[in-house]
């Protein structure tokens, strides 16, 4: 088996280039998958937590990896894949602090090198600091990040819902009826989990339009440190913003606009059909119930 050499100081780009591919489908469907696959997907899912610009830079290779392992029926592989989708979409759509540390110790010392020699970190615990003095800067997703997130979200949801319409809802054409017995519970489990975790990661993209006038109304309870002027520039997921010519996200292409405005409706219609199927079949499918509860 081909094993990649991943250096500790490597970045997401290096990892995706050296990611090992196992093209034998049986390896992804066995109860015990090769440990190299599991470790690769586990590490890959955590690297997807990086900031949006880095993800956009490597998005072609990332999508290639996700597509290569998408059809696995191994539960551990599915778990890592869903985590990756969740982290990827979340990183592309959420506000994140640019700093690695929320407290700049230059507030206390002119020279940060004096920190450990003249001060114990534990003495800072519980002390009040004016939030404005922290001067925390936030990264707000740009048009390219939002467009990438919409593309991934729409692609996964469309593929999964198309599959489940055939396997669970039985919406097959006559030519496809003969293939209906090829769908397994493991396949349904995989696709339902993909929908569940992608919807969770893309929850901000699925918000109802016109419910909030300002983006700050979404996050005041979490981030209330006097940075409303900066945050009011937008997070990229408000439907109203794409209609405002003065807003950055007005430049979203027509296809992205349609996805943003119609994705929630399509998902709701799909969930309604699943509910009707549950009622008709008196099903107690746990995974489906969890999905619908969201």
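The values are calculated or read from the model by the stated rules, or taken from the named source; none is laboratory data. Every value quoted in this text rests on a predicted model; they were computed, and no experiment measured them. Positions of Cβ are backbone-derived with ideal geometry, glycine not excepted, and every protein chain shown enters the neighbour counts.
Residue 132 falls short of the stated requirement of being closer than 30 Å to residue 58 by Cα and modelled with pLDDT under 85.
For segment 175-194, the candidate set comprises residues that are out of contact with any helix residue (DSSP H, G or I) (no Cβ under 7 Å at 6 or more places or on another chain) and modelled with pLDDT of 55 or more; within that set, the residue that is farthest from residue 69 (Cα to Cα) is 181.
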